[in-house]
1. Between residue 52 and residue 20, what is the label-to-label distance in nm when each label sits 7 Å out along the Cα-to-Cβ direction?
2. Using only the Cα atoms of region 12-67, construct the convex hull and provide its projected area averaged over every direction, in square nanometres to one decimal.
3. Can you give me the distance in nm between label points at residue 37 and residue 66, each placed 7 Å from the Cα along the Cα-to-Cβ direction?
């Protein structure tokens, strides 16, 4: 199994991973608890994070885009809600 798999944004593989993560997390944003409609990298790819489901979490668009590239500075275990 690849440790740092990268998917193309609109590939079938990425869409499958995205759907899996959203369903796994119950469509609840891991940052604020609102309805999630995107998937966020816990540790950004630019900082060595992977596209594997273990590094992804459901996230609302507002939290995802406001976090930008701060993963690692805000660990996954510091859920605000």
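No value in this document is a laboratory result; all are computed from the given coordinates. Only a predicted model underlies this, so the values are computations on that prediction, with no experimental measurement involved. All Cβ positions, glycine included, derive from the backbone under ideal geometry; neighbour counts span all protein chains shown.
1. It works out to 1.1 nm between the two label points.
2. Average projection, Cα convex hull of region 12-67: 3.5 nm².
3. Calculated label separation equals 1.6 nm.
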